[in-house]
Amino acid sequence: MSNILIFGHQNPDTDAITSAISYAYLNQKLGLEVEAVALGAPNEETEYALAHFETDAPRVIKNAAAETQEVILVDHNEFQQSVSDIRDVTVLAVVDHHRIANFETADPLYYRAEPVGCTNTIIYKLYQEKGIEIPKKIAGLMLSAIISDTLLFKSPTCTDEDVKAAKELAKLADVDTEKYGLEMLKAGTKLSNKTADELLDTDAKSFPLGDKNVRIGQVNTVDVGEVIERQTELEAAMAEQNSKNGYDLFLLVITNILSSDSVALAVGDSKDKVEAAFNTKLENNTAFLKGVVSRKKQIVPPLTEAFNK
Ligand code: MN
Ligand code: MN
């Protein structure tokens, strides 16, 4: 029988890549034949973490059904964020911390969802529950994911459980969380060498909101001005992606990881929904979103409400 494949979402972030690795290792210890794979290459932040903890990036797959009948999803559940042929395979399990939407299966499955800041915080608890020791490198990768998803514990998605798991993982990985964390986050903010499309795709997800199709991309930076300088070029690329992929709105969220604020750049027919969602006026297609850093907690919910009105 072929391996069960474990993977995170498309355009993988650090949590998507490393939760596949950490959950695969746990399942291997429990006797399952599983392999961690990914739906894309690691971004620069994730590359930094993988190099620091001497771990190879998972193999990238384009589809699943050609090589397996069974998959496990981590750090996502929405089918349009998953592998393209997700409907042709059996989802055995999901471990995730996102809203549940557009998800259904023909068979019973293991589903673990918790409203914590990071999938690896849930996986940390699963290691505890199963009494499996976490190796040093995997602990470092899990810690990296918690730092990434919670922006060093500053995101409103961060819970006490994330902080607690990170503390234990930092001990196991033998790293200074603040120092390592800022270096890792900064490694992910080198944007100047990226094309507009690369920048838009770095961390982008599609969401059906109301009867519209919305694309939300996010980039982390320590210099918002450096991204805004390229607004004309970015808007052209966003408009092209909208018409090519049928998005009614492309929202790019440019997040300053030092001040924990964001600037939103909106392009598309439904950009008035951004104004409604954040009770703001777009100026030159942009709006300052004070204290907004989390797509899942501070952007998707108010946009969902605006689109459902
Ligand atoms: Mn993720
Ligand atoms: Mn995550």
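Past 30 Å, Cα to Cα, is the threshold; run Lys125/Lys290; Lys244/Lys281; Lys194/Lys290; Lys130/Lys171; Lys205/Lys309 against it and keep the listed order. Walk me through the intermediate numbers first.
On the way: Lys125/Lys290 33 Å; Lys244/Lys281 27 Å; Lys194/Lys290 26 Å; Lys130/Lys171 20 Å; Lys205/Lys309 22 Å.
Violating the 30 Å limit, Cα to Cα: Lys125/Lys290.
Could you give the DSSP H helices of the chain that reach 18 angstrom or more along their long axis (alpha carbon positions) and whose average Kyte-Doolittle hydropathy is no lower than 0.0?
On the way: long enough: 14-29 (23 Å, -0.11); 136-150 (21 Å, 0.84); 160-173 (19 Å, -0.48); 231-245 (20 Å, -1.25).
What comes out of the filter, once short or polar helices are dropped, is 136-150.
So what is the calculated 222 nm ellipticity per residue for the chain, using -39500 (n - 2.57) for each DSSP H run with n of 4 or more, over all residues, to the nearest 500 deg cm²/dmol?
Values: 11 runs with 119 residues, N = 309.
Estimated from H runs of four or more residues: -11500 deg cm²/dmol.
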Inset, instruction - Place +1 on the Cβ of every Lys and Arg and -1 on the Cβ of every Asp and Glu in the chain, take the dipole about the Cα centre, and give the residue among Ala277, Leu251, Ser144 whose Cα lies farthest towards its positive end. - result: Ala277
Inset, instruction - Could you check the simple spin-label distance between Glu283 and Lys194, using points 7 Å along Cα→Cβ, in nm with one decimal? - result: 2.6
Inset, instruction - For the range 211-216, take each phi angle, set θ = phi - 60°, evaluate the Karplus expression 6.51 cos²θ - 1.76 cosθ + 1.60, and give the result in whole Hz per residue in order, putting x for glycine and proline. - result: 9, 10, 10, 10, 10, 10
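Hey, got the dipole for the chain? About the Cα centre, +1 on K and R Cβ, -1 on D and E Cβ, debye to the nearest 20?
Here the chain has a charge dipole of around 500 debye.
Using the beta-carbon distance between Asp88 and Tyr110 and R0 = 22 Å, what value does 1/(1 + (r/R0)^6) give for FRET efficiency, to the nearest 0.05? Display every interim value, and only then the final one.
Values: r = 20 Å, r/R0 = 0.91.
That gives a FRET efficiency of 0.65.
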Inset, instruction - Taking H placed 1.01 Å from N in the peptide plane, check which residues at least 5 places from Lys212 or on another chain put their amide H under 5 Å from its amide H. - result: none
Inset, instruction - Please say if the range 61-208 is rounded, prolate or oblate, where rounded means a/c under 1.5 for a ≥ b ≥ c the square roots of the C-alpha gyration tensor eigenvalues, and otherwise the choice is prolate for a/b larger than b/c and oblate otherwise? - result: oblate
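Every number in this text was worked out from the coordinates using simple rules, so none of it is lab data. As the structure is a computational prediction, the values presented were derived from the model and not from experiment. No Cβ is skipped: glycine too gets one built from the backbone with ideal geometry, and neighbour counts run over all protein chains shown.
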